[in-house]
Amino acid sequence: MIRTYAVRIDVLRGGGRVTSLSPASAPTINCNAESAIKSSMSCMVYPDDKADFLSDELMPVQVINGVEHPCGVFLPTTPQGAVDENGAQTVSIEAYDRGLILQQDKLEAPLYFPAGTNYMTAVGEVLLSAGIENVLATPTDAALAVDHEWQLGTDKLTIVNGLLGEINYDQIWFNAYGVAIVQPHRTPSAEQIDHQYTPDGLHLQRQANWETDAYEAANVFVVQCDNPDLPEPLTAVSINDSPTSPLSVFRRGRRIVSVSKLDNIADQHSLQDYADQLKLASMMAYDTVNVYTDNEPNHGVRDTVAIVHPEAGGLYQEISWSLILEAGAQMYHSLRRAVLA
């Protein structure tokens, strides 16, 4: 049970705190794994002459029972000042995580990586060129199978996520401390549970979106990479034949085929992983649950969530969440059930 709760917004300059802002109302943090820039913050604060909203970064911090919990590092955009009838000044701010740096930083000259370049080497060079130095990256031996080149004006977020997609890594995201996370796609697993919720304080809202799209949902996924620089075209097939999946070939008695093409992929193994991911995403999208829980810090992107509940118990992947930074506030989660069979 929370006994004490406080919120402040630290102003960061060069990675160090120069002052802290007092919220005029409860800030809200939103995270969506399917957005290019994963997290954002909206807040209203009292002005502080030490803060420069054009260049400083903002780190909201929850202090729960004396323990500090950072909630991300955000870049303010279009701050708007206001004065009420009593002369009190406030500033309304919309801010986005450091993915905004990569999205706004575009190539000033063509960028070229030759075949044989390690993927993490290429990603690291792009991040460093944008000033992103604090990175937690999972190494890989995968190397570019063909030459890669991007033209003047291409944003660096597109380049980084394109490279990561070719080796079946998740899109880049930034954690509660503003550190860039570069990691392979992780299928939800009972061995790696990030959060668990029980019926106490858990409120369910089950979505029935499968009613509108299940009849068109594919159960066979064919992916081809036919780059002229490759020795031969690569093809991978992944079939949903799970007896527990309502969409499977086994359950429906027919094949519903999806065919897609990629421009680049690291190798045949990566292409098969990509096809398998399409299959798993289709199976998970069938069952979506919205839940509200008590305010809880330390959520990331695509966390694995276990729910113990008679109506919707199981293992889920967190697609989005929203957190209001005030005592007693509830946290919203949108979850997709993990299909393990």
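The values are calculated or read from the model by the stated rules, or taken from the named source; none is laboratory data. None of these values were measured; they are calculated from a predicted model. All Cβ positions, even for glycine, are placed from backbone atoms using ideal geometry, and neighbour counts span all protein chains on display. Surface accessibility is based on the protein's heavy atoms, side chains included, excluding ligands, DNA and RNA. Shrake-Rupley method; radii C 1.70, N 1.55, O 1.52, S 1.80 Å.
Observations
- Count - residues of segment 288-333 that are open to solvent by less than 40 Å² (accessible area, probe 1.4 Å) and acidic (D, E): 2
- Residue pairs whose Cβ atoms lie under 9 Å apart, sitting 6 or more positions apart in sequence or on different chains, and linking a residue in segment 106-127 that is within 14 Å of N161 (Cα to Cα) to a partner that is part of a helix (DSSP H, G or I) and among the acidic types (D, E), are Y119/E166.
- Among the residues making up segment 159-177, those that are more than 13 Å from L262 (Cα to Cα) and free of Cβ contacts under 8 Å to residues at least 60 places away in the same chain are I159, V160, L164, Y169.
- Among the residues of segment 1-38, those that are assigned to a loop (DSSP other than H, G, I, E, B), in contact with a Phe, Trp or Tyr (Cβ under 6 Å, 6 or more places away or on another chain) and touching a residue at least 60 places away in the same chain (Cβ under 8 Å) comprise A24, I37, K38.
- Scanning segment 221-252 for residues that are of a type in the set (S, T, N, Q) and in contact with a strand residue (DSSP E or B) (Cβ under 8 Å, 6 or more places away or on another chain) yields Q224, T235, S238, N240.
- Some residue of segment 43-54 being over 12 Å from D97 (Cβ atoms), open to solvent by 50 Å² or more (accessible area, probe 1.4 Å), in contact with a strand residue (DSSP E or B) (Cβ under 8 Å, 6 or more places away or on another chain) and of a type in the set (D, E): yes
- Residue ID - modelled with the lowest pLDDT, chosen from residues in segment 278-305 that are in a strand (DSSP E or B) and more than 16 Å from M331 (Cβ to Cβ): T288
- Filter result for R336 (crowded, with 19+ Cβ neighbours inside 10 Å and assigned to a loop (DSSP other than H, G, I, E, B)): no
- Considering segment 164-174, and only residues there that are of a type outside the set (S, T, N, Q) and either surrounded by fewer than 22 Cβ atoms within 10 Å (Cβ to Cβ) or within 16 Å of the chain's Cα centre (by Cα) (or both), the residue that is nearest to D226 (Cα to Cα) turns out to be G165.
- When I64, I29, I37 are checked against the criterion of being farther than 25 Å from D294 by Cβ and aliphatic (A, V, I, L, M), a single residue qualifies: I37.
- Taken across segment 322-330, residues that are of a type in the set (D, E), over 21 Å from K38 (Cβ atoms) and in a helix (DSSP H, G or I) do not occur at all.
- Test for S320: is it among the hydroxyl-bearing types (S, T, Y), under 26 Å from I9 (Cβ atoms) and modelled with pLDDT of 90 or more: yes
- Residues in segment 249-277 that are of a type in the set (V, I, T) and in a strand (DSSP E or B): V257, V259.
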